[in-house]
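Colleague: Take this structure, written in structure tokens, and hold onto it; I'll ask about it next.
Just so it is clear, none of the values below were taken in a lab; they were calculated from the coordinates. Just so you know, these numbers come straight off a predicted model, no measurement behind them. A quick note on method: Cβ atoms are made from the backbone with ideal geometry, for glycine too, and the neighbour counts reach across all protein chains shown.
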Amino acid sequence: MTITVAEMKSNLAAVLRKAAAGEEIIVTKHGKPYVKIGPEKPLYDKLPRIGAFKDHPFRMSEDFDELGSEWDEYTR
């Protein structure tokens, strides 16, 4: 749905109801798109914590916590 700023001002409650119901509304100003109004969307998709990596096996090396010789001067 596309409406002008003037239509938005006069029908704000109805426009917000439509947006909350899932309709995307484009508000135009001087014939050009100005803002887009729509339903709230999640910022990101959450992965389930239990079993999230069951199909993505990984392994850790035995010496993962040992620093190399290049760190000797920092660890004295």
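Colleague: Highest GNM mean-square fluctuation, the chain, Cα pairs closer than 10 Å: which of PRO57, PRO42, PRO33?
Modeller: Comparing PRO57, PRO42, PRO33 in a Gaussian network model of the chain, the most mobile one is PRO57.
Colleague: With +1 on the Cβ of every Lys and Arg and -1 on the Cβ of every Asp and Glu, and nothing else charged, how large is the dipole of the stretch 1-41 about its Cα centre, in debye rounded to the nearest 20?
Modeller: The dipole magnitude comes to about 120 debye.
Colleague: Looking at the chain, which GluC sites (Glu not before Pro) are DSSP coil and have at most 16 other C-beta atoms within 10 Å of their C-beta?
Modeller: Those satisfying the criteria are GLU23, GLU24, GLU40, GLU62, GLU66.
Colleague: How many percent of the alpha carbon pairs in the chain exceed a separation of 22 Å?
Modeller: 60
Colleague: Mind giving me the nanometre distance, one decimal, between the label points for ARG17 and VAL5, set 7 Å out from Cα along Cα→Cβ?
Modeller: 2.6
Colleague: Could I ask something else about it? Tell me whether the stretch 1-41 comes out rounded, prolate or oblate; compute the Cα gyration tensor, take square roots of the eigenvalues as a ≥ b ≥ c, and use a/c under 1.5 as the rounded threshold.
Modeller: oblate
Colleague: Say the dipole of the chain comes from +1 at the beta carbon of Lys and Arg and -1 at that of Asp and Glu; which of GLY68, THR28, PHE53 then lies farthest toward its positive end?
Modeller: Going by the charge dipole, the pick is THR28.
Colleague: Further question on the same structure: List the relative contact order of the chain as a percent without decimals, with contacts defined as Cα pairs under 8 Å and 6+ residues apart.
Modeller: Normalised by residue count, the contact order of the chain is 22 percent.
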